[in-house]
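Asker: Dumping the structure here so I can ask a few things about it.
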Amino acid sequence: MDFSDTPQEAAFRAEVRAFLDAHVPAKTPGNRSYASRAMSPADVAASKAWQRTKAENGFAGILWPKAFGGREGTPMEHIIFQQEEENYLVPASVFNQGVGMAMPTVMTFGTPEQLERYPRPALFGDEIWCQLFSEPDAGSDLAGLRTRAVQDGDDWVVNGQKIWTSNAHFSDYAMLVTRSDPTVAKHAGLTFFIVDMKSPGIDVRPIKQISGTSNFCEVFLSDVRIPDSQRLGAVGAGWKVAMTMLANERFTVGKTEGPDFEDIFLLTRGLELDGRRAVDDPAVIEHLADWYVQSAGLKYARLRSQTALSRGKTPGPEASIGKLVSASKLQDIATYGIDLLGQAGAVMDPAVAPMNAWFQHALLYAPGKRIAGGTDEILRNIIAERVLGLPGDIRADKGLAFNQVPTSRRQG
Amino acid sequence: MDFSDTPQEAAFRAEVRAFLDAHVPAKTPGNRSYASRAMSPADVAASKAWQRTKAENGFAGILWPKAFGGREGTPMEHIIFQQEEENYLVPASVFNQGVGMAMPTVMTFGTPEQLERYPRPALFGDEIWCQLFSEPDAGSDLAGLRTRAVQDGDDWVVNGQKIWTSNAHFSDYAMLVTRSDPTVAKHAGLTFFIVDMKSPGIDVRPIKQISGTSNFCEVFLSDVRIPDSQRLGAVGAGWKVAMTMLANERFTVGKTEGPDFEDIFLLTRGLELDGRRAVDDPAVIEHLADWYVQSAGLKYARLRSQTALSRGKTPGPEASIGKLVSASKLQDIATYGIDLLGQAGAVMDPAVAPMNAWFQHALLYAPGKRIAGGTDEILRNIIAERVLGLPGDIRADKGLAFNQVPTSRRQG
Amino acid sequence: MNFDFSDDVTTMRGEVRRLLHDRFPRGAVRQQVDAGAPFDRDLWRELGAMGWLGVALPEAVGGADLGYEALCMIAEEIGGALPPAPFASSVYFAAEALVLFGSAEQQVRWLPGIAAGEAVGTVAIAEGIGDPRPGGIATVAAKGALTGVKLPVVDGDIADFAVVAAKGAGGEPGLWLVDLTAPGVTREAIESLDLVRRSVRLTLDGAAAEPLPGGQDWPAIERLLDRAAILVAFEQVGGAQAALDMAVGYAQDRFAFGRSIGSFQAIKHKLADVYVATELARSNAYFGAWAIANDAADLPVAAATARIAATDAFSLAAQENIQTHGGMGFTWDSDCHLFYRRARELAVVAGSQRYWRRRLIDRLDAQNHG
Amino acid sequence: MNFDFSDDVTTMRGEVRRLLHDRFPRGAVRQQVDAGAPFDRDLWRELGAMGWLGVALPEAVGGADLGYEALCMIAEEIGGALPPAPFASSVYFAAEALVLFGSAEQQVRWLPGIAAGEAVGTVAIAEGIGDPRPGGIATVAAKGALTGVKLPVVDGDIADFAVVAAKGAGGEPGLWLVDLTAPGVTREAIESLDLVRRSVRLTLDGAAAEPLPGGQDWPAIERLLDRAAILVAFEQVGGAQAALDMAVGYAQDRFAFGRSIGSFQAIKHKLADVYVATELARSNAYFGAWAIANDAADLPVAAATARIAATDAFSLAAQENIQTHGGMGFTWDSDCHLFYRRARELAVVAGSQRYWRRRLIDRLDAQNHG
């Protein structure tokens, strides 16, 4: 075991630091922000500018082929850049889906024309991509999606509704998966498209979340015409394309939003309970210690994954641990942080609620963390089946044509 | 809401107390026992004697018809007797299954000859009954049992293996459920018998549990001949008889073995942690309070059930709560009690381990509490399906003849 | 023995549920919140006209004198329906304080108004972060006037009067009656997790006040908190049950993988656990109801027990209701968040779990010494 | 960066696993316990001959000098195989204490014997109920002799010597070396949850002792505990993994309701949770391995972190392994209880979760002050 860089890695790290130092301020304890989470137009502009700067300096597509403006670097260099970037105050990114997931998928399945057209503007921050996958009746069961694509001459005509699309309202293009044949088994009848978000018939509506803010959209598609040249992969091969795209998710490090151990630790060090600092109270210690141990465990598990990645191994479904553990931890910490404040715990006024009411705000976005990107229940299934090798759930839809699968609607 | 007795109830309670005072010592804080759990021959004899005393004084079969030596009392009187008996040091009973479950089932399905023969000796403590239901491959899935009964003239010939039978080694009779027809669906091919435990071909072997003691037996049946006159209910109706018997379980109050809140409370009041009593430590308080609240909740839930019972209502599956909550609570309290002792927590020497090493012993029987009489998982299913009305699990064996149902053996 | 609500109360429950449901079908509260004016004065008068606000108050002050069992039942129904009415503040706290500690004149001044739904009262003990404790009261009473800052004061924006904890001449905190429309009183709205029970910062700058004669020591304040904890526990149980019902309904209707999501054990067992927590909380609350109805010696233990169980059950039920709803539960329009927010607000506003756990064990410890 | 065991250690793991499996197929330990003689002296010599007992010891004292990574790996394998060998007592505690604090002469006297599997050592800190603390040491050292009672002393029945915590002249506890075959030493077997690691009450009545020169203060004892905690954590992780593997295997093979019980989400998700706990514990243990191999400044934090995670993971895995086995898991012959007993024994014997949690947070707090 060795935490030090190889000489090559150290050289790259120094290069990264020099680049970051030249362009963005480093984080300090003083400039930590307890920010709210919705993206303003200014945030989007800042994200675009930072993406261009990174691309121009060769740090945006570290794993990308040089042909598309990438560096053809190693996974370890990708990790090093992310490690270092985390220490700086950089704009929140709107490019994770496009650069990290959509374009690698285009590179796998795209036509020469598509490859010519799309990757480079995505890398340089000119075009933002989103993902039109989930539907109101197809969340955990993504393959149950119902958005219909019907071929009409050289075009496809698409009708349906997508949901939980991040960034849809300022995206230029989307990765879209549709059902082109409802008479075959549900995974077999899907077809994948690249769609211009400015196409007629696309209506984007923000979803008001329980916190009152909107980070996701509904996207309604009404007679949206998509040229067949925008199809990605073969007709009926949409499931494979979609799975390839989701598999690329493992290379994009999802930023864990707080509050985490450090924050509740800070709170307890400043709070008095029964005449002494909360951090000295045995009941508080019990919770703090368990959260520290979880956070540390996740951190070291990540280092183990990165080690595997750096050796050319493909990280497996064990990465599901990270989200499963951290989402509940977030909810527990937010709840406990509020409860520690006693009678004023529910107050969200920043003059009263510590850290700009961060715990209270977190309480309201924590439930989404346990749902988005795979619910707790789905993640446990993935671990049980793909890591432990336990059998899959008994499939009620096995062997059925999609239009024969029971749904509440058809039965109700 | 009213906790006081009606005049009739008060009179009955006084009668019960007078009876108990005349025959057995009352419990005091000083005579509390932290007893081990295996029944010795002397324990069995004491149990028989106490059962006879109760029967002779009209307190053994409070809910039974007078024709069988019962009192034909009210459910409330049954409850009152149990409440009062709990305050006295009485021998552990080996009659719960016979008097509480087996005989009421005989009264429902029995022939006149059976009714003449069995209930009275059971009530008066002369004959002990056990229950031959579970099998090594039929635990949670009781209807998956494989013990075969084949008709041969006026007899049935039974072969198979039963397991988890309490009291088998000193029982006189057993309630036995067998498979008489493996070619029909699994619930349809069962037949029920009364079997004399002294029949040739019955071999009883104690099961050594993880604690090292034996409270259960395996029972091997090899060509055991049972006269058809000992059949209880129709051929093929065994599932109905078995379910009737298990439903009678609700009238038998399962004694909750400790340690419970009172015990861990006692421990923490006598133990010093960091220079003060453990009971004053905020971390300890957190656990204690939650256990008290659970225990109290179970107690009041029981009072609610008893109220319903006293009004002639049938208590429903919500009674599953009691076992589900108390089994895990027991395991948690045992674990915590051990951990509080620090470096000497694993020591079982009574000179070191408080309360005759009760927490350590409890750690070893607690796992059984989460399994016997319905695992945690089965109980949650019962609550979800029968109380909340959620759908049953998808049945892999639905519509199959029993001998077509997949089993590990047949597939392996 | 009868450990259930009386038949009268059970019959009345049907009426209460019907009216609340008719006036507040699911979603109506949220629409009033969206409109920025959750308090519904007409509803408040209606509740008064039905006799529910003064259900446990003596007839002499306009009450129905039907006892605390009836009040507990109404609290449970209110907890499930979430109507925009200052029920807890006015009934469990302000009216209770006057009944327990007020002079006859004070009672007559305010209680008939509450009973009729004409007046709104509240309580002001908290002064920011921390659990209830004598050292947490900095507000001072001198020469019949209070000076200090109370926060949060729930329903303080709509209340006509408040029962305020303040230190008297001897330094011991007691309860004082303050007309919130009088000079020296400032109320500023503060944002809170709960969108329906809205809070203010109450600044008292020499505001006229009179002592509640029977409530001039800390044990009196604790007695008020104990009794209120039982009533709040019924609200929490009602909320937990409503959240559980929502989750069960959704799990039955929602299909994925060709089957109802309620057929998956992950959902079944989660909801079974919520049911168990709710039933334990309900059972403990019942004992609280008996204790408050009979002013039993066990009331402090019963109150803490009911409070702790109900807080945990409601937190769990509200949280797992969202989880069961999946993405839908995370939308504003699902209404799941109304229970989730309320669960947290009720968990802290009368003192945290930490506070009640300590009080419970301290009391049990003292009983065992005695 | 490389946050994994070295290739050498990974290769060696295969050998270790093979030998332990060959010598101790599942059930063999239980049979030795049933026979009343769990300690297997031949195995002990074999482990010595393989170079595993002295794997991290210097060559000068008969060790293999392969470093702590190798020792951590062996500890993990031992934890999964449960061989009846006094590995922890001799290697993590006794040998470590000598390496850290012993004189050259003391090291030479005992370490070669341990490395060769000829000698058995142990540690005696505990004096009954309570976590490690200076005030918990009543045993006194005076004029080169110890007087006091140590309990429990794991493997005290078979140990040749012990490293004993006792108060010296200044009243500060330090570590002393005691030959357990000398006069003044009495050992009485005491029953313990763990059937393999057996304990004694060690009574010292003027038993000859010599100080470990470097270990004459409480911080030295804590340092020993920290390092041992990391090694024990690997045992716990190995135990958790073995219990999980047992449960997964059983869940796949056992059928009910016409399907493998491992196809029920109740079982799948339970075992997924065990996996998660085990992986977090393993990851924390890895950091501990790095810290001990590099004698890092972070070692105290790494030790507490590894210890807490591993204790929880092993407790959960052992407990839910029984539950997954259902009735079968509750039988003596299932072997499930060997892990269940060991999990609890390891959870307390080097100090409880309470002790390690407090140490963790105290250390993090001190770092933040500094």
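Asker: Using only alpha carbon pairs under 8 Å that are at least six residues apart, calculate the relative contact order of chain C and give it in whole percent. Spell out each step's value before the answer.
Answerer: On the way: 691 pairs, mean separation 56.6, N = 370.
Relative contact order here is 15 percent.
Asker: While we're here: How big is D for the protein assembly as shown, in µm² s⁻¹ as a whole number, if Stokes-Einstein is applied with the Kirkwood radius of its Cα pairs at 4 °C and 1.567 mPa s?
Answerer: Working: Rh = 35.9 Å.
The calculation lands on 36 µm²/s.
Asker: Mind jotting down the three principal axis lengths of the stretch C:183-225 based on Cα atoms? Whole angstrom, largest first.
Answerer: The Cα atoms of the stretch C:183-225 stretch 33, 27, 12 Å along their principal axes.
Asker: Among D:S315, A:S320, which comes first, second and so on when ranked by fewest other beta-carbon atoms within 10 Å? Walk me through the numbers on the way to the answer.
Answerer: On the way: D:S315 24, A:S320 21.
Sorted ascending by nearby Cβ count, the order is A:S320, D:S315.
Asker: Let me test this: with uniform point scatterers at the alpha carbons of chain D, what is the Debye-based log₁₀ I(q)/I(0) at q = 0.07, 0.08, 0.14 1/Å?
Answerer: Debye curve over Cα of chain D, log10 I(q)/I(0) at q = 0.07, 0.08, 0.14 Å⁻¹: -0.29, -0.39, -1.19.
Asker: Place the label 7 angstrom along Cα→C-beta at B:P315 and in each other copy, then list the distances from the first to the rest in nm, shortest first.
Answerer: Computed spacing set for this position: 5.2 nm.
Asker: Taking every pair of Cα atoms in the stretch D:218-368, average 1/r, invert it to obtain the Kirkwood radius, and report Rg/Rh to two decimals. The partial results should precede the final answer.
Answerer: Numbers: Rg = 17.2 Å, Rh = 16.1 Å.
With Rg and the Kirkwood Rh in hand, the quotient comes to 1.07.
Asker: Compute the orientation-averaged projected area for the stretch C:86-168 from the convex hull of its Cα atoms and round it to one decimal in nm².
Answerer: Values: hull surface 22.3 nm².
Directional mean of the projected Cα hull area for the stretch C:86-168 stands at 5.6 nm².
Asker: Just the ratio, please: alpha-carbon radius of gyration of the stretch C:216-296 over 2.2 N^0.38 Å, N its number of residues. Walk me through the numbers before you get to the answer.
Answerer: Working: Rg = 18.1 Å, N = 81, 2.2 N^0.38 = 11.7 Å.
Scaled against compact globular proteins, the figure is 1.55.
Asker: Please report the orientation-averaged projected area of the stretch B:7-93, defined via the convex hull of its C-alpha atoms, in nm².
Answerer: Values: hull surface 25.6 nm².
Across all orientations, the stretch B:7-93 yields a mean hull projection of 6.4 nm².
Asker: Something else: Could you state the orientation-averaged shadow area of the convex hull built on the Cα atoms of the stretch A:22-180, in nm² to one decimal? Spell out each step's value before the answer.
Answerer: Numbers: hull surface 45.9 nm².
For the stretch A:22-180, averaging the hull's shadow over all directions gives 11.5 nm².
Asker: Return, ordered by residue number, the residues of the stretch C:154-195 whose backbone nitrogen is under 14 Å from a label point located 7 Å along Cα→Cβ of C:T203.
Answerer: C:184-190
Asker: Can you tell me the dipole magnitude for chain D around its Cα centre, using point charges on the Cβ only (Lys, Arg +1; Asp, Glu -1), in Debye to the nearest 20?
Answerer: On the way: 33 positive and 46 negative charges, 198 e Å.
For this selection, approximately 960 debye.
Asker: Then there's this: Can you run the Rg to Rh ratio on the stretch C:291-370? Use alpha carbon positions and the Kirkwood inverse-distance Rh.
Answerer: 1.15
Asker: So for the protein assembly as shown, taking the charge dipole from beta-carbon charges (+1 Lys/Arg, -1 Asp/Glu), which of D:L100, D:N321, D:G214 sits furthest toward the positive end?
Answerer: Value: D:N321.
Asker: Using 7 Å Cα-to-Cβ label points, what is the A:T28/B:E257 separation (nm, one decimal)?
Answerer: About 6.5 nm, to one decimal.
Asker: Return the FRET efficiency for the residue pair A:E272, A:A396: r is the Cβ-Cβ distance, R0 is 60 Å, and the value is rounded to the nearest 0.05. Please report the intermediate quantities before stating the final value.
Answerer: Values: r = 56 Å, r/R0 = 0.93.
The formula returns an efficiency of 0.60 here.
Asker: Using the Kirkwood radius built from alpha carbon pairs, what does the Stokes-Einstein equation give as D for the stretch C:19-77 at 10 °C and 1.306 mPa s, in µm² per second? Don't jump to the answer; show the numbers that get you there.
Answerer: On the way: Rh = 12.7 Å.
D = 125 µm²/s.
Asker: First measure r as the distance between the Cβ atoms of C:R13 and B:E249, then evaluate 1/(1 + (r/R0)^6) with R0 = 45 Å and state the FRET efficiency to the nearest 0.05. Display every interim value, and only then the final one.
Answerer: On the way: r = 32 Å, r/R0 = 0.71.
The calculated FRET efficiency here is 0.90.
Asker: Label D:E222 and A:A67 with points 7 Å out from Cα along Cα→Cβ: what is the distance between them in nm?
Answerer: Using points 7 Å along Cα→Cβ, the separation is 6.1 nm.
Asker: Continuing with this model, one more query. For D:D179, place a label point 7 Å out from Cα along the Cα→Cβ vector, do the same in each other copy, and report the separations in nm, one decimal, smallest first.
Answerer: Reported distances to equivalent positions: 9.5 nm.
Asker: For the stretch B:136-292, would you read off the P(r) tail past 29 Å as a percentage of all alpha carbon pairs? Before the final figure, lay out the partial values.
Answerer: On the way: 4776 of 12246 pairs.
Tail of the P(r) past 29 Å holds 39 percent of the pairs.
Asker: Moving on. Treat every Asp and Glu Cβ in the stretch D:1-92 as -1 and every Lys and Arg Cβ as +1, leave all other atoms uncharged, and give the resulting dipole magnitude about the Cα centre to the nearest 20 debye. Mind dumping the intermediate values first?
Answerer: Details: 8 positive and 14 negative charges, 88 e Å.
Once rounded to the nearest 20, the dipole reads 420 debye.
Asker: Once Rh is set to the Kirkwood radius over Cα pairs, what Stokes-Einstein translational diffusion coefficient, in µm²/s, holds for chain A at a temperature of 20 °C and a viscosity of 1.002 mPa s?
Answerer: Details: Rh = 23.4 Å.
So the translational diffusion coefficient is about 92 µm²/s.
Asker: When only C-alpha pairs under 8 Å and at least 6 residues apart count, what is the relative contact order of the stretch A:324-373, in percent? It would help to have the intermediate numbers written out before the result.
Answerer: Working: 41 pairs, mean separation 22.7, N = 50.
Result for the stretch A:324-373 is 45 percent.
Asker: Take chain D, mark every one of the trypsin sites (Lys or Arg not before Pro) that falls in a DSSP loop and has at most 16 other Cβ within 10 Å, then report the longest stretch left between them, sites excluded.
Answerer: Numbers: sites that count: D:R26, D:K143.
So the longest stretch without any such site is D:144-370.
Asker: Compute, for the stretch B:255-374, the length of the dipole vector about the Cα centre, with Cβ point charges of +1 (Lys, Arg) and -1 (Asp, Glu) only. Units Debye, rounded to 20. Before the final figure, lay out the partial values.
Answerer: Details: 13 positive and 14 negative charges, 181 e Å.
Dipole of the stretch B:255-374, to the nearest 20 debye: 880 debye.
Asker: Give me the distance between the Cα centres of the stretch B:261-281 and the stretch A:363-412, rounded to whole Å.
Answerer: With the stretch B:261-281 and the stretch A:363-412 each reduced to a Cα centre, they are spaced 46 Å.
Asker: Next up: So for C:F5, C:F234, fewest C-beta neighbours within 10 Å to most, what's the order? Intermediate values should be presented prior to the final figure.
Answerer: Values: C:F5 19, C:F234 28.
Lowest count first: C:F5, C:F234.
Asker: Counting only other residues whose beta carbon sits under 14 Å from that of D:L100, what net charge do I get with K and R as +1, D and E as -1? If you can, show how the numbers build up before the last one.
Answerer: Numbers: positive: D:R223, D:R227; negative: D:E96, D:D217, D:E222, D:D226, D:D295.
Local net charge: -3.
Asker: Which percent of Cα pairs goes in each bin when the distances of the stretch B:296-338 are cut into 10 angstrom slices starting at zero?
Answerer: With a bin width of 10 Å, the distribution comes to 26, 42, 22, 9, 1.
Asker: If you take the Cα atoms of the stretch B:255-374, find Rg, then find the Kirkwood Rh from the mean of 1/r over all pairs, what is Rg/Rh?
Answerer: Values: Rg = 16.3 Å, Rh = 15.5 Å.
When Rh is taken as the Kirkwood radius, the ratio is 1.05.
Asker: Per residue of chain D, what 222 nm ellipticity follows from adding -39500 (n - 2.57) for every DSSP H run with n ≥ 4, rounded to the nearest 500?
Answerer: Working: 11 runs with 189 residues, N = 370.
Rounded to the nearest 500, it is -17000 deg cm²/dmol.
Asker: I'd like the Kirkwood hydrodynamic radius of the stretch C:70-212, using the inverse of the mean 1/r over distinct C-alpha pairs, in Å.
Answerer: Values: mean 1/r = 0.0655 Å⁻¹.
The Cα-based Kirkwood calculation yields 15.3 Å.
Asker: Can you give me the relative contact order of chain A as a percent, contacts being Cα pairs under 8 Å and 6 or more apart?
Answerer: Numbers: 606 pairs, mean separation 53.0, N = 412.
After rounding, I find 13 percent.
Asker: Let me ask something additional. Taking the Cα centre of the protein assembly as shown as the origin and placing charges on Cβ (Lys, Arg +1; Asp, Glu -1), which of D:A145, C:L338, C:A75 is farthest toward the positive end of the dipole?
Answerer: Looking along the dipole axis, the top candidate is C:L338.
Asker: Check each of the trypsin sites (Lys or Arg not before Pro) in the stretch A:368-398 and keep only those in coil by DSSP with at most 14 other C-beta atoms within 10 angstrom; list them in order.
Answerer: A:R395, A:K398
Asker: Pop the C-beta distance of B:S166 and C:A138 into the FRET formula with R0 = 45 Å and round what comes out to the nearest 0.05.
Answerer: Details: r = 64 Å, r/R0 = 1.41.
Plugging the Cβ-Cβ distance into 1/(1 + (r/R0)^6) gives 0.10.
Asker: Work from the charge dipole of chain A (Cβ charges, +1 for Lys and Arg, -1 for Asp and Glu, about the Cα centre) and give the residue of A:A55, A:M243, A:S40 farthest towards its positive end.
Answerer: It is A:M243, whose Cα lies furthest towards the positive end.
Every number here is computed from the coordinates shown, using simple stated rules; none is lab data. Given the structure is predicted, the values throughout are model-derived calculations rather than measurements. We place every Cβ from the backbone using ideal geometry, glycine too, and count neighbours over all the protein chains shown.
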